[in-house]
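What follows is calculated from the coordinates using simple rules that are stated; it is not laboratory data. Quick caveat, the model's predicted, so the values are computed rather than measured. Reconstructed Cβ throughout: ideal geometry from the backbone, glycine too, with neighbour counts over all protein chains shown.
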Amino acid sequence: MIDLLLLGTGAMVPLPDRPLSSLIVRSGGSLALFDCGEGTQVQMRKFHWGFRRLDVICLTHLHADHVAGLPGLFHTVANAGRTEPMIIYGPSGAAAVVAGLRVIAAQLPYEIVVSELSDGDRFDFPNGLRGQVREADHHVTCLVYRIELDRAPAFDPRKAEALGIPRPQWSRLQRGEAVAVGDDMVRPVAVVGPPRKGLSFAFLTDSRANESLREFVNGVDLLVSEGTYALDDYEADPARHGHMTIRQACAQARAAGVDRLWLTHFSGRIDDPHRHQDDARTIFAATDIGEPGLSARLSFTNGYERLDRSG
Ligand SMILES: [Zn+2]
Ligand SMILES: [Zn+2]
């Protein structure tokens, strides 16, 4: 299962009621943070998901509204008692930026390992989630993250018993290995069902909409996407700034066949993003206007469920 919590939804600068865009994800007791602008740790404290188990931080890009919260957060994670290494993923240049920010957070009781990713790279989280990145379409190198949790195929214990397979061998079959029973080899296909759809989400900010991204986020259970400018605010010139309007974000989500869309990274030009809720849903019905505290669980049994309230 994967729990997701939107910590903030702002772009460029934090506002009193709109902290900067950031997402925290919990799975198997391990936390991963997606972007860390100024003040992100304040939002983490507000929602009580803890600090010590923050194993991974994924940075989309190196603009201040996505990274300036790191040094303070490093100290807070240290104060929470972390001693295990923390991994930071980000685009080319992330190691230099993190090293620069660490000048003011030099003494930490845990190691920080920075891994720079480029288009198409895949990586594994310590809790079994799998990640992949695609280059976004912004003015600087920026990564879109697609994260998956695989679901093991169904195992049929009655068939395994009928074939006389000892119980200690069952997990090997579930992992796809053949096992010896007497003189025979039993292959997984004898006791394991067909592949089953896992869980997936994507974090997409900051970017223009494009075909490559539609293909990359295709079919995810939840897409967290920027919708920086108001529905039809083309005066803001989203293409020049490397962003999307809410209309473009919703159209992209629909074209990509995602199940659910959370919008985030709203410009200060939008007074109240919720005013766009109804119009956004006429473009893509399963759209939620993001707000701090919006949270949901993805599970194999129940799919998508809101954690903060029903909706
Ligand atoms: Zn931004
Ligand atoms: Zn940016």
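Points to keep in mind about this one:
- Under 14 Å, Cβ to Cβ, from Glu38 - net charge with Lys/Arg +1 and Asp/Glu -1: -1
- The packing ranking, built from the mean of other Cβ atoms within 10 Å per residue, places the peptides 245-256, 47-58 in the order 245-256, 47-58, highest first.
- Dipole magnitude for the chain: about 960 debye, using +1 per Lys or Arg Cβ and -1 per Asp or Glu Cβ, origin at the Cα centre.
- Where only DSSP H runs of four or more residues are counted, the chain gives -5500 deg cm²/dmol as its mean residue ellipticity at 222 nm, each run worth -39500 (n - 2.57).
- Sorted from greatest to least, the principal axis extents spanned by the alpha carbons of the stretch 209-311 come out as 44, 30, 20 Å.
- Remark: the stretch 154-194 carries a charge dipole of roughly 160 debye about the Cα centre, counting +1 on each Lys and Arg Cβ and -1 on each Asp and Glu Cβ.
- D (Stokes-Einstein, µm²/s), Kirkwood Cα radius, the chain, 0.890 mPa s at 25 °C: 119
- Each peptide in 114-125, 86-97 gets a packing score, the mean of other Cβ atoms within 10 Å over its residues, and the list from highest to lowest is 86-97, 114-125.
- When peptides 161-170, 63-72, 264-273 are sorted by average Cβ neighbour count within 10 Å, with the highest value leading, the order is 63-72, 264-273, 161-170.
- Applied to the stretch 129-143, the Karplus parametrisation 6.51 cos²θ - 1.76 cosθ + 1.60 on θ = phi - 60° returns per-residue 3J(HN,Hα) values of 5, 10, x, 8, 10, 10, 5, 7, 10, 10, 7, 10, 4, 9, 10 Hz, with x for Gly and Pro.
- ³J(HN,Hα), Karplus 6.51/-1.76/1.60, whole Hz, each residue of the stretch 164-178, x for Gly, Pro: x, 7, x, 3, x, 8, 4, 5, 5, 5, 5, 7, x, 9, 7
- Extreme residue, positive dipole direction of the chain, given options Phe284, Leu59, Leu129 (C-beta unit charges): Leu129
- For the stretch 244-279 versus the stretch 119-140, the gap between their alpha-carbon centres in whole angstrom: 22
- Under the criterion of Cα pairs below 8 Å and six or more residues apart, the relative contact order for the stretch 154-194 equals 47 percent.
- Across the chain, C-alpha contacts under 8 Å between residues 6 or more apart give a mean separation that, scaled by the residue count, equals a relative contact order of 16 percent.
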